[in-house]
Amino acid sequence: MADISPLLPVSSSDGSSDLTGQATCRRPIKVVVSIFFGLLTVGLFAALLIRNNGSVDYVDVHENERGSLASMAFEKAENLKPVSRGLAAGVSEKSNWVFGGDLPDYPWNNSMLSWQRTAFHFQPEKNWMNDPNGPLFYKGWYHLFYQYNPNAAVWGHIVWGHAVSKDLIHWLHLPLAMAADQWYDKNGVWTGSATILHDGKIVMLYTGSTTEGVQVQNLAYPADQYDPLLVHWVKYPRNPVLVPPPGIGPNDFRDPTTAWLTSEGKWRITIGSKINKTGIALVYDTKDFINYEMLDGLLHAVPGTGMWECVDFFPVSETENNGLETSINGPGVKHVVKASLDDDRHDYYAIGTYNDRNGTWIPDRPNIDVGIGLRYDYGIYYAAKTFYDQNKKRRVLWGWIGESDSEAADVKKGWASVQSIPRTILFDKKTGTHLLQWPVEEIDSLRLKGKEFNQVRIQAGSVVPLDIDSATQLDIIAEFKIDSDALEKATGSSDASFDCATSGGAAERGALGPFGLLVLADERLREQTPVYFYMTKGSDGNLKTFFCNDQSRSSKASDVDKHIYGSLVPVLRGENLSIRILVDHSIIESFGQGGRTVITSRVYPTKVIYGAAKVFLFNNATELNVTASLKIWQMNSAFIQPYPNL
Amino acid sequence: MGNQNLIERTCKQTPFYDLCIWSLKSNPESRDASVKKLAQIMVDSLKTKATETLDLIDELLQDGLALDPEMQKALTSCAERYNVIIRGDVPEINEALKTGDYKFAAKGANDAAIEANSCEIEFPTKSPLTDMNKVVHDVSVVAASIVKIIQTKFSF
């Protein structure tokens, strides 16, 4: 039967064509050559692949077996092996052995590389960046500082970069805020946070790596509080103000938070660390940011989570739709503890209750405690930090988006990493368990012309092209309606063990999914990045919805990450499924259900660049028809550039 | 003699036990080394092997006239990758080990493995670098494994 899925590589024996009218037949010779080459490579790397037990994350993560080393060692080899489409898709394992049947394109010419640079995401003019630091709003300007390597496109020699903006979108580069010029930060001017005092003055606490490689906390402040640009910074002459306390390792003490007021009128901060394999958050009180008393207890700790980096601690309102200043406490207020886990390089958060008297916090739901539960973002996203924007009374979240290509490509293109578009962060009143993230409203000012598509019917097993001019800088807001009859009729199964990461991606057909969008896809779907929902029905009849981002065919290149990102997304009764996607060259940020589940992904196509990029709707489910309504805007550049005439 | 145990225990937790043992034991500094030092020794070994491979690539490229264009293209790309291993990855790993931000040591080591793999698959037919690419790849993987041990070990 002609159950066509044009997403699947059609073998030469099946002459069917996809709905765009183009056959995607593979010529026989390519199959032969690829099998030959595949076998050759099998011989070379057999030892590696035998040991590879299951899909793992790109860089050093193994979610199934924390601490298992053998599998970690081979995850890079995993990049060579695309996720198998599976026998159900009519494709044999062998022909997909290494490259999905095609010889590798010569990697990375200048055209491909220069296309990757983003148009409206913050990034320095060149070189390496990582964590966002000390974000704040002061005298009319938003400030962003960031970890920066002035010498190369790889991590190292870290100092503080600096930029300002009136609207969190149009950034102007300023000179470096702090260099590694003191013994206490010679080996790295690392992450820190700003606190705005009662009188409006700013203090900055940051981690320095000393000449001996010990992690200490240092104090710095603006050289001139009347300079709205805060160009020059002064380090407190008697730094460090904090050194690793007894029982804490010299390399396990970093990333101090913004301070908040205790009921006694002292300032309180927390600093992440670990004891053996337990991730912890230490607490210190201070009146002057120079002298500190460490509390006996910890803010919180979770066994097995390892080192907590970039801890963040902040209040959220259970009832209001605005952010809360960091010191707020009381009824109707919950507190969030967030940690970046060094072991798996993901950012986790949990919502709970803060006890001001003893400086402790407990999660509402210990089963989804910090480090074992919810993540800010299920893609490539780390070292996130919030700040309270007193200008617009919102809490804004920054996150570092690294590269998932090879460092050779980064060196060749001369830069690495971007920051996410800043997101507002709110307690999700509807679920009570999640935070909602959403791009700041100022991003809407970049919208140029928009095109609306209403009630587009996408039948099971089809792809619908969307006719828009250019598709590398987009804001897409889409809503999907599904046939509730189909949901009822679908038989429940033990398919309920679905997980985006271990699935066959957008090519794996289920009864109720996948369906969604293909971005950075070309006409022939040779390269494509699906962002989609996948619904499952358990044997108990309960529906679960997953939100995924499939990188497995995002590029023909073999040295980029090909894993599938995603997670469960709560969908409440009566809600339509919704996705917002920001496409900006080599980065896509996707928001499911209003930001309940978010996935950021880096995409490095070899063909789908410039005018070749297109957008499609797709529905690869077998038993579900879907209707989509969407609006797509072209996005202007943010023209991020050096501050003029400084 | 005293550190035999640590070296063996460490190498058992890497996927290439023999290579790990050999690389560490052939360096006299492994005698009383901490796990962190063993990682540093492994990185030195990575740098040595990568440099040898780059030297070979340069030699092969000198024989320019004898090479077909595909081979030349692949070798040039490999040279770029090996330059990144030596001048990008190795310093990154070393700085991360020294300052204790281990995720960047893991990143650098993992990337070196990718660069070696990527070089190998650039050759459309027979690669002249197979053995050396495999060594560099495997040494990188061992280094990454040792970094993982440092990250997750008890006590500091």
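Bear in mind these aren't lab numbers, they're just calculated from the coordinates by the rules spelled out. Just so it is clear, the model here is predicted, and its values are computed rather than measured. In this analysis, Cβ positions are derived from the backbone assuming ideal geometry, glycine residues included, and neighbour counts consider all displayed protein chains.
Can you compute the charge dipole magnitude of the range A:447-635 about its Cα centre, using +1 on each Lys and Arg Cβ and -1 on each Asp and Glu Cβ, nothing else charged? Give it in debye, rounded to the nearest 20. Working shown, then result.
Values: 21 positive and 22 negative charges, 55 e Å.
Computed about the Cα centre, the dipole is about 260 debye.
Starting from the Cα gyration tensor of the range A:99-258, multiply each eigenvalue by 5, take the square root, and state the resulting semi-axes largest first in whole Å. Before the final figure, lay out each step's value.
Values: eigenvalues 203, 103, 32 Å².
Working through the eigenvalues yields semi-axes of 32, 23, 13 Å.
Would you please give the FRET efficiency between A:Lys489 and A:Lys429, computed as 1/(1 + (r/R0)^6) with r the Cβ-Cβ distance and R0 = 25 Å, to the nearest 0.05?
Working: r = 33 Å, r/R0 = 1.31.
Working from the Cβ atoms, E equals 0.15.
Set Lys and Arg Cβ to +1 and Asp and Glu Cβ to -1, take the dipole of the protein assembly as shown about its Cα centre, and tell me which of A:Ala621, A:Thr305, A:Ser317 lies farthest positive.
The listed residue farthest towards the positive side: A:Ser317.
Compute the signed sum of charges (Lys and Arg +1, Asp and Glu -1) over the other residues within less than 12 Å, Cβ to Cβ, of A:Gly359.
Details: positive: A:Lys266, A:Arg268, A:Arg357; negative: A:Glu264, A:Asp285, A:Glu293, A:Asp296, A:Asp356.
Spelling it out: positives minus negatives among the neighbours equals -2.
What size of dipole, in debye to the nearest 20, comes out for the range A:482-580 about its Cα centre when the only charges are +1 on Lys and Arg C-beta atoms and -1 on Asp and Glu C-beta atoms? The partial results should precede the final answer.
On the way: 11 positive and 14 negative charges, 17 e Å.
Using Cβ point charges on Lys, Arg, Asp and Glu, the range A:482-580 gives about 80 debye.
Please report how far the C-alpha centroid of the range B:110-156 lies from that of the range A:317-391, rounded to the nearest whole angstrom.
37
Taking +1 at the Cβ of each Lys and Arg and -1 at the Cβ of each Asp and Glu, which of A:Ala506, A:Pro605, A:Val560 sits farthest along the dipole of the range A:447-635 towards its positive end, judged by Cα position relative to the Cα centre?
Of the listed residues, the answer is A:Pro605.
Which order do A:His143, A:His346, A:His232 fall in if you start with the one that has the fewest other Cβ atoms within 10 Å?
Working: A:His143 23, A:His346 20, A:His232 13.
In increasing order of surrounding Cβ atoms, one gets A:His232, A:His346, A:His143.
With r as the distance between the Cβ atoms of A:Trp183 and A:Asn151 and R0 = 22 Å, compute the FRET efficiency 1/(1 + (r/R0)^6) and round to 0.05. Before the final figure, lay out each step's value.
Numbers: r = 20 Å, r/R0 = 0.93.
The pair A:Asn151/A:Trp183 has a calculated efficiency of 0.60.
Counting each DSSP H run of 4 or more residues in chain B as -39500 (n - 2.57), what helix-only mean residue ellipticity at 222 nm follows after dividing by all residues, to the nearest 500 deg cm²/dmol?
Details: 7 runs with 114 residues, N = 156.
-24500 deg cm²/dmol, from helical runs alone.
First obtain the Kirkwood hydrodynamic radius of the range A:447-635 from its Cα pairs, then insert it into the Stokes-Einstein equation at 10 °C and 1.306 mPa s, and state the resulting D in µm² per second as a whole number. Can you show the working numbers first?
Working: Rh = 16.3 Å.
Reported coefficient: 97 µm²/s.
Mind checking A:398-411 for the average number of partner chain beta-carbons within 10 Å of each residue's beta-carbon? Don't skip to the end; give the middle numbers.
Values: counts 0, 0, 0, 0, 1, 0, 0, 2, 8, 13, 15, 4, 3, 7.
Taking the mean over all residues of the peptide, I get 4.
Can you give the charge dipole size of the range B:1-73 about its Cα centre, rounded to the nearest 20 debye, using +1 on the beta carbon of Lys and Arg and -1 on the beta carbon of Asp and Glu? Working shown, then result.
Numbers: 9 positive and 12 negative charges, 144 e Å.
In debye, rounded to 20, the range B:1-73 gives about 700.
Which of A:Phe498, A:Phe547 comes first, and how do the rest follow, when ranked by fewest Cβ neighbours within 10 Å?
Numbers: A:Phe498 18, A:Phe547 27.
Result, fewest neighbours first: A:Phe498, A:Phe547.
Toward the positive end of the charge dipole of the protein assembly as shown, about the Cα centre and with charges on Cβ (Lys, Arg +1; Asp, Glu -1), which of B:Val136, B:Ala50, A:Val234 goes farthest?
Projecting each Cα onto the dipole axis, the largest value belongs to A:Val234.
Regarding the range B:2-154, what are the three Cα extents along the principal axes, ordered largest first, in Å?
54, 27, 22
Using 0.36 nm times the number of residues separating A:Ala223 and A:Val243, minus their current alpha carbon distance, what extension gain do you get? Mind dumping the intermediate values first?
On the way: separation 20, 0.36 × 20 = 7.20 nm, distance 2.45 nm.
Length gained between A:Ala223 and A:Val243: 4.8 nm.
If you build the convex hull over the alpha carbons only and average its shadow over all orientations, what do you get for the range A:203-295? Give it in nm² to one decimal.
7.2
Please report the projected area of the range A:171-254's Cα convex hull averaged over all directions, in nm².
Working: hull surface 25.7 nm².
Computed as one quarter of the Cα hull surface, the answer is 6.4 nm².
Tell me the Rg and the Dmax, in Å, that the Cα atoms of the protein assembly as shown produce.
Radius of gyration, then largest Cα-Cα span, for the protein assembly as shown: 26.0, 80 Å.
DSSP loop (so not H, G, I, E, B), at most 14 other Cβ within 10 Å: list which GluC sites (Glu not before Pro) in the range A:275-380 pass both filters.
Numbers: sites: A:Glu293, A:Glu309, A:Glu318, A:Glu320, A:Glu325; in loops: A:Glu318, A:Glu320, A:Glu325.
Hits after loop and neighbour filter: A:Glu318, A:Glu320.
Give the order of A:Trp141, A:Trp233 when sorted by the count of other beta carbons within 10 angstrom, beginning with the fewest. It would help to have the intermediate numbers written out before the result.
Values: A:Trp141 17, A:Trp233 20.
Sorted ascending by nearby Cβ count, the order is A:Trp141, A:Trp233.
Using R₀ = 22 Å, calculate the FRET efficiency as 1/(1 + (r/R₀)^6) where r is the Cβ-Cβ separation of A:Lys451 and A:Asn576; round to 0.05. If you can, show how the numbers build up before the last one.
Numbers: r = 20 Å, r/R0 = 0.91.
It comes out at approximately 0.65.
On a C-alpha basis, how far is the centre of the range A:137-195 from the centre of the range A:282-299 in Å? Whole number, if you could?
For the range A:137-195 versus the range A:282-299, the Cα centre distance is 26 Å.
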